[in-house]
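Shown next, in C-alpha cells, is the structure this report addresses.
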Amino acid sequence: MVDKRRNPFESNQLQREAIEWFARMRGDEAERHRAGFERWLARGAVHRSAYNRIANLYSDGKRVNWENLPPPQPVRGAAKRVWMVSIGVAALVGFVAWRIVAVPILPGDSSLNAPPVEIARKSDGIQYATRLGEIRTVKLSDGSKLTIDTDTLVTIDFGQTARHLRLEHGRARFEVAHEARPFVVDAGDAEVIARGTVFDVSYLEDRRVKVQLLHGAVDVTQKGSRAGAPTLRLQPGGTIVVEPKAQPRQIQGKADAPEDWPKGMMEFRRAPLADVIAQVNRYAVAKVRLADPSLGKIEVSGVFRIDDADALAGHLAQLLGLRVERTAGEIILTRLEK
C-alpha cells in the first residue's frame, strides 16, 4: 500500500511544484533557477514525469482561448511574470485531464544518472520505470538484462515455474538468460515466449505492439484469440506487429535497425520526416514541430542521436535545407525564406 504521508501527489503537491518550476524556467531568470530545477528533477522519476506532463499540457493549451480566462491579481516585478504563467498552466490543468499514478518517493533516488527507478513492490511483482529522455539498464535476478527506453514502465514477476514480465507502456530490450523456466513478456494484446534470446518489444500510444528479434527465436501469440489461432515464430531480423482486433502480421526482412537505440542512436531508411520527429519527441520535453505539415512527407535516411531534440533539429535543418526556430518549450522546423 502506498504511504500517503510520503506520496507527493497527495493534495496535488507535486502538480503544483511542477507548475511552479515550469513557470520559472519559462521566465527571464531561468538560468538563475537552473541549479535548483535540476536538483528538483533529480529527486525522482515522478518529478520528471510530472514536469513533462505540464509541458505537454501547455503545448495542448495553445488551442485554449486564454483571453477569456479570469485575469490574475496584479503583483510586482519578476514574480508577476512567474505568477501569470503559473495561473495559465494551472488553468490549463483544469481543462485537460490530469492522469498520474500515485507512487512512493524512494530514498536514494537522487541522480538523473541513476539506474531505472524501482517505483513499487507489489504482490504481483516489481515495477521499474524510466524518466522522460532516459535509457537505463537493470540486471534481473535470473541473470537476464533488461534495457528500458524513455518513459517506460515494466512489471517483473519471477516465480518457481516461469518468468513473467509485463510491458505496461514504452519500449524495452530483453536479453534472456538461458534456464529451464520460460521467459514470457506480455504487452497489450501480445504474448512473447523466449528462451535465451535478445528481442525488443514496444507498446506505444497507438496501442500497437511491435516485436523485433535480434538473436535467437521467439514465439508470438495474440492474447484472447480464438482457440487454434496460430503462434508466429520470429526469426532474427524479423518483426511482428500485433494490433487490437486484427490478425498479427509479420514484416518480411528487416523493417528497421533497432540495435543501437539503447545507445541513444537510431537508423532511418527513407523514413518520412514526420516519423523521425515522432521518435525524437518521445525523448524530449521541448518538442520538435513542423511549421508546415507537408514537410513530414520528406524522406530521411541516416543514423541520428534521438535523445537530443535540439541537436537533431539542427542536423535535420542542415540536411534538408530547413530553418530552426526556437521558442520557449518548442523547437520549430520551417522552410527557408526565399
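Any read-out appearing in this document is the output of simple, stated calculations on the displayed coordinates, not a laboratory observation. Just so it is clear, the model here is predicted, and its values are computed rather than measured. Every residue, glycine as well, gets a Cβ built from its backbone with ideal geometry; the counts of neighbours run over all protein chains shown.
Of note:
- For the pair Glu325 and Glu179, a Förster radius of 45 Å applied to the C-beta separation gives a FRET efficiency near 0.25, rounded to the nearest 0.05.
- Length gained on full extension, Val303 to Asp157, computed as 0.36 nm times the residue gap minus the Cα-Cα distance: 49.0 nm.
- Fraction of alpha-carbon pairs over 16 Å apart in region 264-335 - percent: 38 percent
- Extending 7 Å from the Cα toward the beta-carbon at both Asp28 and Gln235 defines two label points whose distance is 6.6 nm.
- A simple spin-label model places the labels of Asp310 and Ala246 3.8 nm from each other, with each point 7 Å out along Cα-to-Cβ.
- Arg16 versus Lys145: modelled label distance in nm, points set 7 Å from Cα along the beta carbon direction: 4.5 nm
- A Förster radius of 30 Å combined with the Cβ-Cβ distance from Arg269 to Arg39 puts the calculated FRET efficiency at roughly 0.15.
- Going from the residue with the fewest nearby Cβ atoms within 10 Å to the one with the most, Phe199, Phe268 rank Phe268, Phe199.
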